[in-house]
Amino acid sequence: SITENEILTHNEEEEILDVVSILTFVTAFIDVTFYLWIFDALNQTMQYLESMNQSRKLKRYLRLRLFLLLSVLFAVLWSVFGIVDSYNSQRMVNEEENGWVLTAVWEVNYFVVLMGLSCLWAPEAGAKEYAYVMELSTLGNDLEFDTNVVDSPDDDSDEEEESSFSIIVHE
């Protein structure tokens, strides 16, 4: 079958480029919003973990923040490079020959973040030790356990066994 190519006038081409530019900025704004949202949630979680003296979990979240900060730094640098390259009279990356590089770099960035997260949250043998367990404070002898069993084990009465368990925190 024969297809006809439509030849765009200069004005039509400029209008299309304007729409693409606007959509690019909208997409960038959405990306920045999500990154800020993620960093805000990470900071709140890290503050909670720090206040609860959960050092192992906090260390993992600090590494996650580092991965994301490096990703943002790379994205900013690549964006600046792309803007400078597009306004240069002699382009550093020729879109006709190597145009795929401009989009592939973003995919490589996302892949590196994904691999970093995979390594960070890889299954470990000792993961059960701190998955849903609160880590006890390592600041010294600030917790004291006191258990009192009211009924003795030798008591054969049908009464309900009462026991108490308390944690005394020294400040």
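The values are calculated or read from the model by the stated rules, or taken from the named source; none is laboratory data. Because the structure is a prediction, the values reported are computed rather than measured. Please note: Cβ atoms are built from the backbone with ideal geometry, for glycine as well, and neighbour counts cover all protein chains shown. In case anyone asks, the SASA skips ligands and DNA or RNA and just uses the protein heavy atoms, side chains included. Shrake-Rupley method; radii C 1.70, N 1.55, O 1.52, S 1.80 Å.
For the pair V26 and L77 in one chain, pulling the backbone fully straight at 0.36 nm per residue adds 16.5 nm over the alpha carbon distance.
Between A122 and V93, what is the spin-label point distance in nm, taking each point 7 Å from the Cα along the Cα→C-beta axis? According to this spin-label approximation, the distance is 3.0 nm. Against the criterion of solvent-accessible heavy-atom surface with a 1.4 angstrom probe, F39, F29 sort, most first, into F29, F39.
Across region 77-94, computed HN-Hα scalar couplings (Karplus, 6.51 cos²θ - 1.76 cosθ + 1.60, θ = phi - 60°) run 4, 5, 5, 4, 4, x, 5, 5, 5, 6, 8, 6, 6, 10, 6, 7, 10, 6 Hz from first to last residue, x flagging Gly and Pro.
Under the simplified labelling scheme, the Q44-V84 pair shows an inter-label distance of 3.8 nm, with each label point 7 Å from Cα along Cα→Cβ.
From the alpha carbon gyration tensor of region 21-132, can you work out the equivalent ellipsoid semi-axes (sqrt of 5 times each eigenvalue) and give them in Å, largest to smallest? Output for region 21-132: semi-axes of 36, 17, 10 Å.
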